[in-house]
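Visitor: I have a structure I would like to understand better, so I am pasting it below and will then ask my questions one at a time.
The values are calculated or read from the model by the stated rules, or taken from the named source; none is laboratory data. Please read these numbers as outputs of a predicted model, since none were measured by experiment. Cβ sites come from the backbone with ideal geometry, for glycine too, and all protein chains shown count toward neighbours.
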Amino acid sequence: MPNGFSLEKFASHPFYEEVNRRLVTLTHLRPGEQVVDLGSGTGAVTRLLAEQVRNESGQVIAVDPSDSAIEVARRNLENLGDVVIRFVQGSAERLSQLVKLPVDAVFFCNAFHLVHEKEQVLREIRETLRKEGTFSFNTSFYQGAEPPESQRFYKRWMLRAMRFLRDEHGISPDRTKVEARIRLTEEEYVTLLSQNGFQIRDREVVTVQMPLKSFEDISEYSLWIEGVLPGVPLELGAEALKHGAREAFEELGLESSPRNWLLVVANRV
């Protein structure tokens with residue numbers, strides 16, 4: 001992940017902790033369990049998991065492909081006691097090679113939608129889990145994430161960002177440079193898990209109100225910039241997206257805009 005373009009600022013917003021904490025609650029972790037935080041980033045979810053499993057035998061294994069994110073997570077979590085946190089650099093596609101012991105639960109928060117080979121990753125997760133262990137994930141990038149009342153904002157945000165790029169820098173996104181990510185529906189996620197050895201135990205859709213600052217912060221995240229403005233340099237993309245969000249909020253008279261998070265908890269069968 002490029003320096004300065006992480007999810008850390010966005011992850012500091014209260015609603016982000018709210019949806020992650022709700023997923024942890026739905027999973028019913030117990031003290032002493034062994035848990036994997038897949039795509040752990042800078043440790044926001046790792047901290048929530050550690051709070052639930054902490055005692056002399058509890059362990060959270062934080063797995064992330066980014067060395068820089070792991071180093072930030074180490075600093076963020078260095079004062080946690082009564083729980084072992086182990087950091088492992090690597091990808092979701094190699095999980096069973098990275099984590100040898102069977103674990104009680106695997107969490108994949110706000111990142112499962114980024115995986116192209118979802119069936120392969122589900123096989124890796126299933127192999128890493130003990131029998132009847134749980135796989136929990138959430139995502140706000142699926143078909144249904146944007147409520148109907150938010151459509152005007154999202155359309156105007158992108159239009160204003162692209163106009164800024166064109167007028168101020170003379171460039172436009174290059175749609176040929178990035179493979180489009182297909183957004184699954186809620187039912188498609190359920191079917192995907194069911195066909196790969198999991199039984200859905202719980203699922204919810206949580207709607208949160210996102211203020212302007214959160215849209216400015218997600219505008220500094222490299223994967224978001226690359227997804228909505230492909231081919232645009234990160235610095236210019238961040239500038240354009242922040243400008244577009246401010247204009248859209250002002251023109252529509254908004255204080256916040258709603259977004260849906262899908263939460264799913266499934267048992268290995």
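Visitor: Answer yes or no: is there a residue in the stretch 105-121 that is over 20 Å from ASN20 (Cβ atoms), in contact with a Leu (Cβ under 8 Å, 6 or more places away or on another chain) and without any contact (Cβ under 8 Å) to a residue 60 or more places away in the chain.
Guide: No: zero hits.
Visitor: Could you tell me which numbered condition LEU193 fails, if it satisfies all but one of (1) within 17 Å of the chain's Cα centre (by Cα); (2) at pLDDT 95 or above; (3) assigned to a helix (DSSP H, G or I); (4) not basic (Lys, Arg)?
Guide: It fails just one condition, (1).
Visitor: Answer yes or no as to whether SER96 is in contact with a helix residue (DSSP H, G or I) (Cβ under 8 Å, 6 or more places away or on another chain), over 25 Å from ALA69 (Cα atoms) and hydroxyl-bearing (Ser, Thr, Tyr).
Guide: For SER96, the condition - in contact with a helix residue (DSSP H, G or I) (Cβ under 8 Å, 6 or more places away or on another chain), over 25 Å from ALA69 (Cα atoms) and hydroxyl-bearing (Ser, Thr, Tyr) - is not met.
Visitor: Related question: Scan the stretch 171-188 and tell me whether some residue there is of a type in the set (S, T, N, Q), under 30 Å from THR128 (Cβ atoms) and buried (at least 17 other Cβ atoms within 10 Å of the Cβ).
Guide: Scanning the stretch 171-188 turns up no residue that is of a type in the set (S, T, N, Q), under 30 Å from THR128 (Cβ atoms) and buried (at least 17 other Cβ atoms within 10 Å of the Cβ).
Visitor: I would also like to ask the following. Can you tell me which residue is farthest from HIS28 (Cα to Cα) among those in the stretch 124-134 that are surrounded by 16 or more Cβ atoms within 10 Å (Cβ to Cβ) and out of contact with any Phe, Trp or Tyr (no Cβ under 6 Å at 6 or more places or on another chain)?
Guide: Across the stretch 124-134, the extreme among qualifying residues is GLU124.
Visitor: What is the number of the single condition among (1) modelled with pLDDT of 95 or more; (2) farther than 22 Å from ASN260 by Cβ that PHE215 does not meet?
Guide: PHE215 satisfies every listed condition except (2).
Visitor: Can ILE125 be described as in contact (Cβ under 8 Å) with a residue 40 or more places away in the chain, of a type in the set (A, V, I, L, M) and in contact with an Asp or Glu (Cβ under 8 Å, 6 or more places away or on another chain)?
Guide: no
Visitor: Further question on the same structure: When ALA240 is evaluated against the numbered criteria (1) small (Gly, Ala, Ser); (2) within 30 Å of LEU26 (Cα to Cα); (3) touching a residue at least 60 places away in the same chain (Cβ under 8 Å), which criterion, by number, is the only one it fails?
Guide: Only one criterion in (1) small (Gly, Ala, Ser); (2) within 30 Å of LEU26 (Cα to Cα); (3) touching a residue at least 60 places away in the same chain (Cβ under 8 Å) is unmet by ALA240, namely (2).
Visitor: Shifting gears a bit: When you check ASN260 against the structure, is it under 18 Å from PHE141 (Cα atoms) and modelled with pLDDT of 95 or more, yes or no? Walk me through how you get there before you give the answer.
Guide: Working: under 18 Å from PHE141 (Cα atoms): yes; modelled with pLDDT of 95 or more: yes.
Yes.
Visitor: Another question, if that's okay. Can you tell me which residue within the stretch 221-253, out of those that are buried (at least 16 other Cβ atoms within 10 Å of the Cβ) and in a loop (DSSP other than H, G, I, E, B), is nearest to the chain's Cα centre (by Cα)?
Guide: TYR221
Visitor: Which of (1) modelled with pLDDT under 95; (2) more than 21 Å from LEU184 (Cβ to Cβ) does VAL228 not meet, given it meets every other one?
Guide: Only one criterion is unmet by VAL228, namely (2).
Visitor: So TRP157 ticks every box in (1) modelled with pLDDT under 95; (2) under 22 Å from the mean Cα position of the chain (by Cα); (3) under 25 Å from PRO233 (Cβ atoms) but one. Which box is left unticked?
Guide: (1)
Visitor: Just name the residue that is surrounded by the fewest Cβ atoms within 10 Å (Cβ to Cβ) out of those in the stretch 98-110 that are modelled with pLDDT of 95 or more and either within 16 Å of the chain's Cα centre (by Cα) or over 15 Å from ARG130 (Cα atoms) (or both). Write out each step before concluding.
Guide: Within the stretch 98-110, the first condition is being modelled with pLDDT of 95 or more, and the residues that meet it are 98-99, 102-109.
Still in the running and either within 16 Å of the chain's Cα centre (by Cα) or over 15 Å from ARG130 (Cα atoms) (or both): 98, 106-109.
Working: LEU98: 17, VAL106: 25, PHE107: 26, PHE108: 28, CYS109: 27.
Looking at residues that are modelled with pLDDT of 95 or more and either within 16 Å of the chain's Cα centre (by Cα) or over 15 Å from ARG130 (Cα atoms) (or both), I get LEU98.
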